[in-house]
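Here the structure is laid out as structure tokens; the discussion comes afterwards.
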């Protein structure tokens, strides 16, 4: 414990540390501030704003939400890899929590943490809040292409609903009675990623079958490619955004729920079931 | 709405608030010996940087608009007005991606911290260093 106070032991060292720290903070912050001209939208940003929902443009993505059209159309590949990173992070957390019986928390019968949850008032509120969160989640996820929201935001909100149940009731209630187990969540997450990949690969398959040029993750027609997802189905503006948002929702919701579930495995599980004593 | 001191500071000096956030998180990242505190400071730093970038998409306009068209059948003139007065959508899209990556990084770091605790029985950096053979 002595080492943490060594910095402050001599005044000169402390002064040097403080000055260099301040200089470092100022340099980093000024560098971050100077990366963008503030108050001015660059031509690239204006281009996106002008073309995102412009039916006369050759580069339209037919989504009134300009942010969503950048995320899943103009820069779709970035988001694709980001989704993969999130998927791999959740899988990595699962791997770190692996034991000889598989992923921790699968063996609910043996989990006896004595968790009874909170009193009846938070439980009743949690029931109501759960339903409200689900309604909001559906709205956020499915309307993401023409109002603020999208798959990631909806998935994160849904994981909060699971966390609310976990806090108000118990981990066991969430896994046993509501079926939010780690295994099921892993399957749901894979389903989400596969759904996104299917939507992304449809233009490629179309191109192989017809010979017309079409690209990975293509949404609307381009000047050199006639391929386009139907943008108006039953009066709904769809494109690729609706199925991709659903896939991203499944991915993010189950990824966050896995992380919440694994971080709330009671320590007694490791002591009793795995016979691993913490030093 | 009653203006509290916090809202006044946030409205008029957002960059100062972010600067303090950044400084505190960098301080904790360097000088705090507990791994959980280091991870918290890292998450705090993600938030400061992401807020800074989300803030950088505002623009000087008489009536700045959000980057979402509310009219589902716009005319070309309306689109031109929209493009010249809406905020920049690009930093928002980048921040959205960065938030997910930040969450994934924090989750992986926390899992590693749990593993370190199981292994060493402590989260203090100095004690972990002493245990090294």
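Observations on the structure shown:
- Hits in the range B:99-108 - residues which are more than 7 Å from chain A (Cβ to nearest Cβ), surrounded by fewer than 18 Cβ atoms within 10 Å (Cβ to Cβ) and touching a helix residue (DSSP H, G or I) at 6+ places or on another chain (Cβ under 7 Å): B:106
- Test result for residue A:40, over 29 Å from the mean Cα position of the chain (by Cα) and surrounded by fewer than 17 Cβ atoms within 10 Å (Cβ to Cβ): yes
- Residue match in the range A:175-182 (condition: surrounded by fewer than 21 Cβ atoms within 10 Å (Cβ to Cβ), part of a helix (DSSP H, G or I) and free of Cβ contacts under 8 Å to residues at least 40 places away in the same chain): yes
- Qualifying position, being more than 23 Å from the chain's Cα centre (by Cα) and at the interface with another protein chain (Cβ under 8 Å from one of its Cβ atoms), among B:89, B:74, B:66: B:74
- Every pair of residues 6+ apart whose Cβ atoms lie under 7 Å, when the first sits in the range B:37-64 and is modelled with pLDDT of 90 or more while the second is outside any helix (DSSP H, G or I): B:38/B:32; B:41/B:32
- Restricting attention to the range B:4-48 and to residues that are out of contact with any helix residue (DSSP H, G or I) (no Cβ under 8 Å at 6 or more places or on another chain) and not in a helix (DSSP H, G or I), the residue that is nearest to the other protein chains (Cβ to nearest Cβ) turns out to be B:13.
- Residues satisfying the stated conditions in the range A:203-229, i.e. over 18 Å from residue A:75 (Cα atoms) and out of contact with any helix residue (DSSP H, G or I) (no Cβ under 9 Å at 6 or more places or on another chain): A:205, A:206, A:207, A:208, A:209, A:210, A:211, A:224, A:226
- Any chance residue A:77 is modelled with pLDDT under 90, assigned to a helix (DSSP H, G or I), within 22 Å of the chain's Cα centre (by Cα) and farther than 25 Å from residue A:244 by Cβ: no
- Residue in the range B:67-80 that is in a helix (DSSP H, G or I) and either touching a residue at least 60 places away in the same chain (Cβ under 8 Å) or on the phi > 0 side of the Ramachandran plot (or both) present: no
- Selection from the range A:117-156 of residues that are under 20 Å from residue A:251 (Cα atoms), surrounded by fewer than 22 Cβ atoms within 10 Å (Cβ to Cβ) and free of Cβ contacts under 8 Å to residues at least 40 places away in the same chain: A:130, A:133, A:134, A:135, A:136, A:138, A:139, A:143, A:153
- Residue match in the range B:49-56 (condition: under 27 Å from residue A:145 (Cα atoms) and part of a loop (DSSP other than H, G, I, E, B)): yes
- For the range B:54-63, a residue qualifies if it is more than 7 Å from chain A (Cβ to nearest Cβ) and either buried (at least 16 other Cβ atoms within 10 Å of the Cβ) or in contact with a helix residue (DSSP H, G or I) (Cβ under 7 Å, 6 or more places away or on another chain) (or both), and the qualifying residues are B:54, B:55, B:57, B:61, B:63.
- Screening residue A:262 with (1) surrounded by 18 or more Cβ atoms within 10 Å (Cβ to Cβ); (2) more than 12 Å from chain B (Cβ to nearest Cβ); (3) at pLDDT below 90 gives one miss only, at (2).
- Filter pass, residue A:149 being within 29 Å of residue A:92 (Cβ to Cβ), outside any helix (DSSP H, G or I) and within 14 Å of chain B (Cβ to nearest Cβ): yes
- Scanning the range A:42-72 for residues that are assigned to a helix (DSSP H, G or I) and either modelled with pLDDT under 85 or facing chain B (nearest Cβ under 7 Å) (or both) gives A:44, A:45, A:46, A:48, A:49, A:50, A:66, A:67, A:70, A:71.
- Residues in the range B:100-133 that are over 15 Å from residue A:94 (Cα atoms), more than 22 Å from the chain's Cα centre (by Cα) and in a helix (DSSP H, G or I): B:116, B:117, B:118, B:119, B:120, B:125, B:126, B:127, B:128, B:129, B:130, B:131.
The values are calculated or read from the model by the stated rules, or taken from the named source; none is laboratory data. As the structure is a computational prediction, the values presented were derived from the model and not from experiment. Here the Cβ is made from the backbone with ideal geometry for all residues, glycine too, and neighbour counts use every protein chain on show.
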